[in-house]
1. Give all pairs with beta carbons closer than 6 Å in which a residue from the range 86-114 that is not assigned by TED's automatic domain parsing to the domain that holds K184 meets a residue that is small (G, A, S) and part of a helix (DSSP H, G or I); count only pairs at least 6 apart in sequence or on separate chains.
2. Any idea which residue in the range 422-447 is modelled with the lowest pLDDT, counting only those that are polar (S, T, N, Q) and touching a helix residue (DSSP H, G or I) at 6+ places or on another chain (Cβ under 9 Å)?
3. Determine, yes or no, whether A88 is modelled with pLDDT of 95 or more and at negative phi.
4. For the condition among the aliphatic types (A, V, I, L, M) and within 19 Å of Y303 (Cβ to Cβ), what is the one hit in A65, A107?
5. Quick check: is even one residue across the range 205-215 part of a helix (DSSP H, G or I), of a type in the set (V, I, T) and at pLDDT below 95?
6. Mind checking which pairs have a first residue in the range 318-342 that is of a type in the set (F, W, Y) and a second that is not in a helix (DSSP H, G or I), Cβ under 9 Å, 6 or more apart or different chains?
7. Being surrounded by fewer than 14 Cβ atoms within 10 Å (Cβ to Cβ) and in a helix (DSSP H, G or I) is the filter here, so list the residues in the range 1-18 that pass it.
8. I'd like the full set of residues that are in contact with a Lys or Arg (Cβ under 6 Å, 6 or more places away or on another chain) and modelled with pLDDT of 90 or more, limited to the range 45-64.
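The values are calculated or read from the model by the stated rules, or taken from the named source; none is laboratory data. These numbers come from a predicted model, not from an experiment. Note that each Cβ is placed from the backbone with ideal geometry, even for glycine, and that neighbours are counted across all protein chains shown.
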Amino acid sequence: MNLSQNTISEVQDRADIEEVVGDYVSLKKKGQNLWACCPFHNEKTPSFSVAPNKGIYKCFGCGKAGDAIQFIMDLEGLSFPEAIKQLAEKYGIEIEEDERLPEQQEAYNEKESLYIVLNYATNYYKDLLHNHEEGKSIGLSYFKERGFSKQTIEKFNLGYALNSWDGLLKAAQSAGHSEELLEKSGLIIKKEETDKVYDRFRNRVIFPVHSISGKPIAFGARILIKDKKQPKYINSPETPVYHKSEVLYGMYQAKQTIRNEDNCFLVEGYTDVISLHQSGVENVVASSGTSLTTNQIQLISRYTKNITVLFDGDTAGIKASLRGIDLILEGGLNVKVVLFPDGEDPDSYSQRLGDEAFKKYLEDNAKDFIRFKSDLLLEDTKKDPIRKAETIQEIVRSISKIPDPVKRAIYVKETSEILEIDEAILVAEQNKIILREKQVKGDITKQQANNLSHNYSQASEQIQKKYSPFEVAALQEKESIRLLLSYGDLPLAEETTLIQYLINEFKSTEFIHPVYKRIFEDFKNYLNKGEILNEAHFIKNGDEEIRKAIFSLFTDRYELSENWEKKFQIYTIHERHILNDSAFTHVLRLKHRSILHLLDLNVQKLRETDSLIEEEKILRYQMQLNEAKREIGDLLGMVVVK
């Protein structure tokens with residue numbers, strides 16, 4: 001979708017944050033803002049705040065923040081154009097599109113036509129299931145035997161394909177759909193050597209696969225008779241609207257519950273997903289016959305950072321699936337595993353136990369991936385020290401996939417306790433694996449790998465620091481932007497405004513954080529034109545990074561009740577009342593933090609140089625920086641913060 005800037009601007013201007021959010025949650029006024037329990041995670045005490053005067057929302061529990069468009073994107077899992085289109089429809093705004101190149105228009109038209117054809121097929125298969133004698137006696141009977149209720153069958157748009165070579169083909173053509181589109185959608189097969197055309201799905205129950213926004217994009221089909229010549233399941237091929245490595249079955253139905261529960265159960269097949277929904281476990285998806293991919297993991301991460309993998313009680317199958325766990329870890333997500341008894345799968349076991357007992361089983365048997373992998377792999381190595389060593393390396397290799405060094409350290413410690421192996425040995429092995437993989441990828445040379453190996457102890461110390469000088473400086477820069485947005489046009493002493501004062505003071509100070517630097521440059525450029533920017537400018541015109549930065553600056557969790565002054569005559573000092581002192585103190589702090597960052601960079605240069613002349617130059621600069629740090633420190637000590 002190639003939306004015009006006019007449409008985007010009109011939606012941005014018209015979309016009312018209170019109305020948009022109010023369609024999904026019940027908002028209650030408290031002070032200047034509106035509050036509700038967060039729709040993005042499960043909570044009992046409201047921490048989700050909407051600021052109508054700023055047009056933004058923020059949750060102080062999970063950290064989600066944005067404007068009306070971002071809210072729709074986050075909640076519905078939509079792209080920016082899809083969210084704009086949805087809001088345009090809500091407000092009756094005509095959708096205009098910029099002119100596309102001929103090939104772009106052709107591709108767009110083809111996709112839209114495929115969606116129409118696939119939607120037709122979904123309704124066709126549904127109608128056969130409920131209204132055709134063959135569909136009712138075979139397909140509907142099968143679903144009822146599986147325990148699927150009428151509501152569940154409707155929820156997943158389940159259907160049935162007749163035992164006919166061209167039932168769908170003829171019906172679709174009668175409805176005006178072309179053979180070419182039916183073939184491109186994967187619904188029919190055309191044999192080039194014989195020119196024979198026939199339905200892909202015949203004599204099978206149908207499981208439609210939906211996009212994240214709920215459009216049918218593909219189908220899975222299960223045969224109900226035993227026939228060794230035919231596979232049990234067949235699936236749609238790749239098409240312009242269906243890329244199986246990017247899709248998870250059940251995500252459309254599960255996304256809201258995944259977000260609320262902050263966890264996603266991952267299973268293997270269609271019926272596993274549907275049976276778990278039937279048991280009241282709705283935060284579940286399936287990879288549907290494909291190995292788990294990085295794209296599918298990224299899709300889950302849009303809604304939660306926690307995945308619980310449900311494994312059938314088949315050890316051989318589990319070992320073959322362990323690569324998926326490593327991919328999840330590599331994607332930065334947290335993994336737990338539930339193993340079912342031998343011969344059971346999520347579908348059969350949920351029906352055997354019943355809803356409440358099954359939920360309790362999932363809760364009680366979810367194992368951390370380290371403990372699960374240790375139990376599984378060490379089972380066969382009790383009397384074989386070589387195989388045990390290989391198994392330990394396999395576990396450490398999984399830990400090394402985790403991008404967060406703090407999480408890696410925690411898992412190494414846990415592994416050390418479980419396997420009764422010295423933690424330092426595991427750390428050394430982990431470092432070898434990480435460096436080896438970097439070397440294989442070409443990220444570092446062999447010499448660099450050797451140097452890094454010797455310096456890992458220093459790197460570990462750096463990781464343990466709570467904040468680096470860069471991070472501390474960035475926090476001060478963030479505060480600069482907040483002050484500019486909140487009080488930029490307010491006067492200070494000597495007939496100057498806050499924005500003029502800060503820009504003048506920061507002439508010799510370079511912002512370090514790239515996003516805050518760009519925002520500050522915008523303030524300077526517009527001030528030269530006589531304009532003082534506000535948050536609305538950045539929300540409307542900024543890119544995603546700038547918008548996120550602006551959203552994070554506003555909406556305080558707590559605000560003073562008006563009753564303090566009106567009812568009880570308790571008067572408090574607001575920040576605007578002490579703006580002179582606040583601005584002066586802030587300038588000093590920012591300069592102080594910038595100097596700390598420069599000192600840190602200078603020390604790194606000193607370590608890297610081999611030149612005596614360069615070393616002397618760096619040391620002279622280091623002395624100047626230390627002197628400036630001392631002077632500003634003295635001034636900060638004299639400032640009284642009211």
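1. I95/A88
2. Across the range 422-447, the extreme among qualifying residues is T445.
3. Against the criterion (modelled with pLDDT of 95 or more and at negative phi), A88 does not qualify.
4. A65
5. No.
6. Short answer, once both residue conditions are applied: F340/L310; F340/F311; F340/D312; F340/G313.
7. Q5, N6, S9, D13
8. S49
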